[in-house]
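**Student:** I'd like to ask you about the structure that follows.
The values are calculated or read from the model by the stated rules, or taken from the named source; none is laboratory data. Here the structure is a predicted model, which means the values were calculated and not measured. For neighbour counting, all protein chains shown are included, and Cβ atoms are generated from backbone atoms with ideal geometry for every residue, glycine included. The area values use the complete protein model at the heavy-atom level, side chains included, leaving out ligands, DNA and RNA. Shrake-Rupley method; radii C 1.70, N 1.55, O 1.52, S 1.80 Å.
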Amino acid sequence: MAQDLDKILGGKYPAKAHANRVADLIKARGGGDSGIIYIEGQKTRMIEDNDGPMPFRQRRNFFYLSGCELPDSYLAYDIGKDELTLFIPPIDPESVIWSGLPLSAADALKKYDVDVVLPTTDVNGYLAHYCSAEAGANKVFAIPDQVSSEITFLPFKETDFDVLRPALDTARVTKDAYEIALLRQANNISSAAHTAVLKAAKTAKNERELEAIFISHCMSQGCREQSYHPIFASGESGSTLHYQKNDDDLIDASTGQKKLNLLVDAGCESRNYCADITRVCPLSGKFSPESRDIYNIVLEMQMASLAIIKPGVAWDDVHANAHRVAIRGLLRLGILQGGDEQEIFDKGVSVAFFPHGLGHYLGMDTHDVGGNPNYNDENPMFRYLRLRGTLSPGGVVTVEPGVYFCRFIIEPYLSSAELSKYINAEVLEKYWSVGGVRIEDNVVVTEDGYDNLTTAPKSLEDIERLASGQA
Ligand code: GLY
Ligand code: MN
Ligand code: MN
């Protein structure tokens with residue numbers, strides 16, 4: 001498997017195939033079969049009142065069509081000629097003393113899957129030449145608000161700002177073998193980093209120590225960037241879905257005791273392709289009985305979700321099924337009461353404990369494009385589901401059920417005239433300190449099921465073994 005990865009990633013990032021795919025989608029959407037796709041990379045941006053640059057993050061759509069990491073670059077794809085031209089910054093003598101020589105056009109041609117490399121000073125000339133040479137209607141496809149002021153589209157007869165972005169969004173949903181290899185590599189390295197954190201959890205004193213171990217591991221294995229701000233949440237902070245502080249002591253100051261659990265939601269990028277993995281472990285090395293109850297329910301939610309993943313399945317149904325598993329589990333524990341599974345589902349009570357979506361598309365963005373969420377959905381159960389629609393082969397999704405004990409979210413249910421009868425406040429009292437449990441893997445939808453990219457341990461036994469310091 002490692003050899004397969006090396007073999008695939010030893011080739012060039014398939015920019016040309018991506019350009020072909022986007023051109024086909026433009027055509028299918030009535031955009032015609034000629035014209036220029038024009039797209040710009042991210043510019044170097046300076047820190048306010050400072051002479052240093054802000055951290056650089058390449059524009060994802062530009063990378064998709066070029067494989068190029070360089071700031072201040074441009075790309076044009078001539079659909080009729082099937083010719084991909086990359087424009088890269090030329091030598092600026094003023095900056096060589098500080099930054100060294102930039103990549104040469106010859107080296108760029110060797111490195112990237114493009115047909116021509118020109119300096120960025122040639123862009124307007126290229127566009128004007130295209131228009132003068134093109135006898136029929138000439139057209140440029142671009143993304144609104146992502147065309148620099150120094151670029152002129154005046155020579156074009158037609159400018160289309162509508163079709164390119166949706167075509168890119170659609171194209172990016174279906175990952176090819178190279179993209180899946182990058183996602184797998186990000187997963188392999190992030191999974192090993194999660195394991196390193198599990199092993200260190202028992203002796204660490206503060207959340208930030210564990211974050212440092214995670215990032216150090218990813219960087220030393222070749223992945224400098226994190227997919228998102230990592231979440232290292234101890235104790236009740238695990239119930240804050242996107243906890244950002246990562247700076248709390250692992251001992252509870254009020255009791256002098258170690259907090260119960262640590263939730264880690266973290267993943268690195270491999271050449272812009274993201275991993276997004278969550279694991280939870282007991283800080284003592286052994287889950288408390290209540291934590292174990294909840295861990296088992298969440299794992300069951302995840303296993304039940306994975307079992308039904310295949311092409312054609314509606315993601316709404318997988319999400320709803322995870323709610324049903326949660327309801328059955330919470331009824332067994334006595335946290336939920338006063339009605340059967342269907343009644344509690346219909347009343348939306350499980351949203352109090354599982355308030356987010358089961359998962360989202362994953363790719364160059366952690367919450368990747370193409371999911372068509374409806375954040376105004378009247379049903380709170382589906383409001384934060386970032387993927388609506390059916391699964392298809394090559395789609396990559398996260399599967400991340402969770403059960404949380406967040407006072408801010410649950411207390412309104414406890415004081416609701418209609419809903420309070422479904423929650424046993426006395427039983428619930430024993431569970432606040434569990435915080436939150438989420439288990440998150442990244443899977444590729446295949447022709448007949450799925451392929452799980454995430455290799456971080458997750459069985460209760462493996463988590464306890466590693467967290468208690470056994471090899
Ligand atoms: N790490 C963000 C998420 O899981 O969606
Ligand atoms: Mn996620
Ligand atoms: Mn996550």
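**Student:** Can you give the FRET efficiency for residue 158 and residue 317, using 1/(1 + (r/R0)^6), R0 = 45 Å, r = Cβ-Cβ distance, to the nearest 0.05?
**Tutor:** The computed FRET efficiency comes out at 0.60.
**Student:** Oh, and also: With a cap of 16 neighbouring Cβ atoms within 10 Å, and only residues DSSP puts in a loop, list the GluC sites (Glu not before Pro) found in the range 368-433.
**Tutor:** Taking the range 368-433 and a limit of 16 other Cβ atoms within 10 Å, the loop GluC sites (Glu not before Pro) found are 378, 418.
**Student:** Post the alpha-carbon centroid distance, the range 123-159 to the range 178-204, in whole angstrom.
**Tutor:** The two parts, judged by their Cα centres, are 44 Å apart.
**Student:** Taking 35 Å as R0, compute the FRET efficiency from the Cβ-Cβ separation of residue 49 and residue 145 and round it to 0.05.
**Tutor:** Here the calculated transfer efficiency is 0.90.
**Student:** Return one whole number: the accessible area per residue of the range 7-59 in Å², for a 1.4 Å probe.
**Tutor:** 55 Å²
**Student:** When only C-alpha pairs under 8 Å and at least 6 residues apart count, what is the relative contact order of the range 337-419, in percent?
**Tutor:** Relative contact order of the range 337-419: 34 percent.
**Student:** Distance between Cα centroids, the range 1-52 to the range 66-108: provide it in whole Å.
**Tutor:** Answer, in whole Å: 13.
**Student:** Is there a quick way to get the dipole size of the chain? I mean about its Cα centre, with the Cβ of Lys and Arg at +1 and of Asp and Glu at -1; what is the value in debye to the nearest 20?
**Tutor:** 840 debye
**Student:** Tell me the relative contact order for the range 234-385 as a rounded percent, counting alpha carbon contacts under 8 Å between residues six or more apart.
**Tutor:** 17 percent
**Student:** Provide the packing ranking of 149-158, 258-267, i.e. peptides ordered by the mean count of other C-beta atoms within 10 Å per residue, highest first.
**Tutor:** Per-residue Cβ counts within 10 Å, averaged per peptide and sorted highest first, yield 258-267, 149-158.
**Student:** Can you put 63, 161 in order of accessible area, largest first, using a 1.4 Å probe?
**Tutor:** 161, 63
**Student:** Still on this model: For the range 187-278, take every pair of Cα atoms, bin their distances at 10 Å starting from 0, and report each bin as a whole percent.
**Tutor:** Over the range 187-278, the share of Cα pairs per 10 Å bin runs 19, 50, 25, 5, 0 percent.
**Student:** Between the alpha-carbon centers of the range 395-471 and the range 358-380, tell me the distance in whole angstrom.
**Tutor:** First find each Cα centre; the distance between them is then 19 Å.
**Student:** Taking 7 Å along the Cα-to-C-beta vector as the label spot, tell me the residue 307-residue 408 distance in nanometres, rounded to one decimal.
**Tutor:** Going by the 7 Å Cα→Cβ label model, 3.5 nm.
**Student:** Take the alpha carbon gyration tensor of the range 204-350, find the square roots of its eigenvalues, order them as a ≥ b ≥ c, and report rounded if a/c is under 1.5; if not, report prolate when a/b exceeds b/c, else oblate.
**Tutor:** In terms of gyration-tensor shape, oblate.
**Student:** Counting other Cβ atoms within 10 Å, keep those with at most 16, restrict to DSSP loop, and tell me which trypsin sites (Lys or Arg not before Pro) in the range 14-89 are left.
**Tutor:** 29, 43, 45, 57, 81
**Student:** Now for a separate question. Within the range 305-346, what residues put their amide N at less than 17 Å from the label point 7 Å along the Cα-to-Cβ vector of residue 446?
**Tutor:** Correct set: 306-313.
**Student:** With everything on Cα atoms, drop me the angle between helix 123-133 and the longest principal axis of the chain, reported from 0 to 90° to the nearest 10.
**Tutor:** The angle comes out near 60 degrees.
**Student:** Only sites in a loop by DSSP and with at most 15 other Cβ atoms within 10 Å count here; which chymotrypsin sites (Phe, Trp or Tyr not before Pro) in the range 357-392 make the cut?
**Tutor:** 375
**Student:** Can you count the Lys pairs in the range 1-151 whose Cα atoms are under 21 Å apart, with each pair 8 or more apart or on different chains?
**Tutor:** 15
**Student:** Obtain the nm distance between the two label points defined at residue 468 and residue 91 by a simple spin-label model: each point lies 7 Å from its Cα along the Cα-to-C-beta direction.
**Tutor:** Distance between label points: 6.5 nm.
**Student:** Still on this model: Quick one: ranking 99, 468 by accessible area, 1.4 Å probe, largest first, what do you get?
**Tutor:** 99, 468
**Student:** Per DSSP H run of at least 4 residues, take -39500 (n - 2.57); add these up for the chain, divide by its residues and hand me the 222 nm value, nearest 500 deg cm²/dmol.
**Tutor:** Here the helix-only value at 222 nm equals -11000 deg cm²/dmol.
**Student:** Could you compute the FRET efficiency for residue 425 and residue 324, with r as their C-beta to C-beta distance and R0 at 22 Å, rounded to 0.05?
**Tutor:** The calculated FRET efficiency here is 0.40.
**Student:** With a 1.4 Å probe and all protein chains in place, put 356, 242 in order of accessible area, largest first.
**Tutor:** Accessible-area ranking of 356, 242, largest first: 242, 356.
**Student:** Extent of the chain along each principal axis, from alpha carbon coordinates, in Å, largest to smallest?
**Tutor:** Principal extents (Cα only, largest first): 78, 48, 47 Å.
**Student:** Can you tell me the relative contact order of the chain? Whole percent, Cα pairs under 8 Å, sequence separation 6 or more.
**Tutor:** That works out to 15 percent.
**Student:** Something else now. Mind listing the lone cysteines of the chain, meaning no other Cys beta-carbon sits under 4.7 Å from theirs?
**Tutor:** 68, 131, 274, 281, 406
**Student:** Quick check: the angle from helix 164-173's long axis to the longest principal axis of the chain, C-alpha only, nearest 10 degrees?
**Tutor:** 50 degrees
**Student:** Treating each Cα of the range 266-397 as an identical point scatterer and ignoring solvent, apply the Debye formula and state log10 I(q)/I(0) at q = 0.10, 0.11, 0.15, 0.19 Å⁻¹.
**Tutor:** Results for the range 266-397 at q = 0.10, 0.11, 0.15, 0.19 Å⁻¹ read -0.38, -0.45, -0.82, -1.19.
**Student:** Can you pull the accessible area of residue 432 for me, 1.4 Å probe, Å² to the nearest 10?
**Tutor:** 10 Å²
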